[in-house]
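Written below as structure tokens is the structure these notes are about.
The values are calculated or read from the model by the stated rules, or taken from the named source; none is laboratory data. Just so we're clear, the structure is a prediction, and the values are computed from it rather than from any experiment. Cβ placement follows ideal geometry from the backbone for every residue including glycine, while neighbour counts extend to all protein chains displayed.
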Amino acid sequence: MTRRDKAYPADLVSLREVGLRDGLQLVKSWPSTDEKRAWLMREHAAGVRHFEVGSFLPASRMPQFADVAAVIDAVSELDGARSAALAMNERGAADALGTAVDEIVCVVSATEEHSQANMRRSRADAIELVRAIVRLRDEAGHKAVVNAGISMAFGCSIAGRVAPDEVMRLAEACLEAGADVVGVADTVGYAGPRQVARLARSMRDLVGDGRFVVHLHDTRGMGIANAAAALDAGCLILDGSLGGLGGCPFAPGATGNVVFEDLVFLCETKGFATAIDLAALAAARAIPERAMPGEHFCGGIARAGLPAADWRA
């Protein structure tokens, strides 16, 4: 059984809660380490098992992630939980491999313009970074899955249109470089359901099953519709953030990720079991809401509650 098979079973939908990483990358204040632990524990008690918890970047640049190693340790104490964290360079990867992290997330931009703005690397160099991280992981004998995500996969706020064939070329190159999992991200919310379904079908054909990631933002209100399209096209791994926290520095004024609670509701109503207690998950929002009173939290479940009648498929 491969690392990917252990992390993401082929017969289940896996929902990755990215609020503690993507959700915090643009905030003006953030939870303490103890508040992050409480956030994790409440979500874990509700049934969440996949958590993206931070980035290995200098604390001077991203102080909200200065405690990423401690948060990874907190995840490792939770039965069946898996942690993921972002590494943008070799130093970050080396730091990640000094922890018990279960998944190292790499980024490859779909356009040269965004790659230079985001990483100060060409796309070719970003793919070589994936290869280098895989090599470092193997040399260290570490258990981590290496996940390569293609950002701006549906359109770029700098370069404009992105050809789906180019995204697939990059995804294939990441797999050739040794990535265990690949994914596509609608980083600035350009896509609609048709575009998501088309690219998800291509990704499914590339990897041979549904174990590829679709990471969606709700910039133009298409997040849940796009998630439904991804599920219908065979995707079994989706990202969301509690309360829809998040955003992208290359999409000023944009809203954040797909609301995680609404994503659970979508999956359950479509017949995809998540093993997540949605009422308990919704209650977990109280922790980040108290910790970050100045942040905007979204979500239909939070606004309207669960239906009174049996709502699962």
Please identify the pairs in which a residue from segment 174-190 that is farther than 22 Å from MET1 by Cβ has its Cβ atom under 8 Å from the Cβ atom of a residue that is modelled with pLDDT under 95 and among the aromatic types (Phe, Trp, Tyr), counting only partners at least 6 apart or on another chain. THR187/PHE250; VAL188/PHE250
CYS235 - would you say it is surrounded by 20 or more Cβ atoms within 10 Å (Cβ to Cβ), at pLDDT below 95 and either within 24 Å of ALA185 (Cα to Cα) or acidic (Asp, Glu) (or both)? no
In segment 46-96, what count of residues is obtained for those that are part of a helix (DSSP H, G or I) and of a type in the set (Lys, Arg)? 1
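From ALA148, ALA132, ALA197, grab the single residue that is of a type outside the set (D, E, K, R) and part of a strand (DSSP E or B). If you could, list the steps in order and put the result at the bottom.
Values: ALA132 fails: part of a strand (DSSP E or B); ALA197 fails: part of a strand (DSSP E or B).
Criteria check complete, one pass: ALA148.
Being surrounded by 24 or more Cβ atoms within 10 Å (Cβ to Cβ), closer than 20 Å to HIS142 by Cβ and modelled with pLDDT of 95 or more is the requirement here; does ALA100 meet it?
Spelling it out, it is not the case that ALA100 is surrounded by 24 or more Cβ atoms within 10 Å (Cβ to Cβ), closer than 20 Å to HIS142 by Cβ and modelled with pLDDT of 95 or more.
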Only one of these is on the phi < 0 side of the Ramachandran plot, surrounded by 19 or more Cβ atoms within 10 Å (Cβ to Cβ) and either modelled with pLDDT under 95 or in contact with an Asp or Glu (Cβ under 9 Å, 6 or more places away or on another chain) (or both): ALA229, ALA273, ALA200. Name it. ALA200
